[in-house]
1. Go through region 71-97 residue by residue and tally those that are over 31 Å from the mean Cα position of the chain (by Cα), surrounded by 16 or more Cβ atoms within 10 Å (Cβ to Cβ) and small (Gly, Ala, Ser).
2. Determine which single condition Thr105 fails, assuming it passes every other condition in (1) under 27 Å from Ala4 (Cβ atoms); (2) of a type in the set (Val, Ile, Thr); (3) crowded, with 17+ Cβ neighbours inside 10 Å.
3. Tell me the residue from Leu37, Leu20, Leu24, Leu47 that is over 13 Å from Asp117 (Cβ atoms), touching a residue at least 40 places away in the same chain (Cβ under 8 Å) and not small (Gly, Ala, Ser), please.
4. From the list Ala160, Ala100, pick out the single residue that is surrounded by fewer than 16 Cβ atoms within 10 Å (Cβ to Cβ), at pLDDT 80 or above and assigned to a helix (DSSP H, G or I).
5. Mind listing whichever residues of region 1-49 are surrounded by 12 or more Cβ atoms within 10 Å (Cβ to Cβ) and acidic (Asp, Glu)?
6. Kindly provide the set of residues from region 127-148 that are hydrophobic (A, V, I, L, M, F, W, C), farther than 19 Å from Phe50 by Cβ and assigned to a loop (DSSP other than H, G, I, E, B), ordered by number.
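The values are calculated or read from the model by the stated rules, or taken from the named source; none is laboratory data. What you see is a predicted model, and the numbers here were worked out from it, not measured in a lab. Heads up, the Cβs are rebuilt from the backbone with ideal geometry, glycines too, and the neighbour counts pull from every protein chain shown.
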Amino acid sequence: MAGAAVAYLVDLFVNPRGPLNAILMQFGLVDSPIPFLGSEDSALITLAMFYSWHRMGFAIMLILSGILAVRADLLEASMLDGANRWQSIKNVVLPVLGPAFVLITVIIMVDVFNNADYTLLIMGAEAGPFRSTDIMGTYLYRSAFGASAASSDANFGMSAAIGIITAIMILPAALFLALRNLRNK
């Protein structure tokens, strides 16, 4: 699903009059609605949980394709050599899944550092209550374009520095993945 659609669903689901609060109040778990996105303490956690849910399908598909790539004859050979189930998983399956885990890590890192769509769509450029949902992407957005249409406090130098730092933080995992793929060819 597109980030804008998921952001809309998040906003509807955790709204004080939304279904999550209705269920919590119906079962007597809370007395009054919880402001999931309106509280400094819970806003970032709420966005992170829904972001994880949004990206989980892609990660599961990569892991499943990696599991399907495990050759059955290698598993049978490990069992014939006396390996138990855990040893077969540790020594046969997990090494095959390694590139998938690295790819998932790189993609999630790029998304986490650069993807500010949830925060910008739900919480605005000011990143929620007292900037409690501020991430690299929202800070970069505010630095490059200013916090609001009325302000002119754009700082392109700061935005460029944020972009370079983000790239440096993601670079080791991306290089590891690229070098591993080159070695396997």
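1. 2
2. (3)
3. Working: Leu20 fails: touching a residue at least 40 places away in the same chain (Cβ under 8 Å); Leu24 fails: touching a residue at least 40 places away in the same chain (Cβ under 8 Å); Leu47 fails: over 13 Å from Asp117 (Cβ atoms).
Testing whether each residue is over 13 Å from Asp117 (Cβ atoms), touching a residue at least 40 places away in the same chain (Cβ under 8 Å) and not small (Gly, Ala, Ser) leaves just Leu37.
4. Details: Ala100 fails: surrounded by fewer than 16 Cβ atoms within 10 Å (Cβ to Cβ).
Unique residue meeting the criteria: Ala160.
5. Within region 1-49, Asp11, Glu40 meet the criteria.
6. Quick first cut of region 127-148, residues hydrophobic (A, V, I, L, M, F, W, C) only: 127, 130, 135-136, 140, 144-145, 147.
Subsequent filtering for residues that are farther than 19 Å from Phe50 by Cβ retains 130, 140, 144-145, 147.
Scanning region 127-148 gives a single hit, Ala147.
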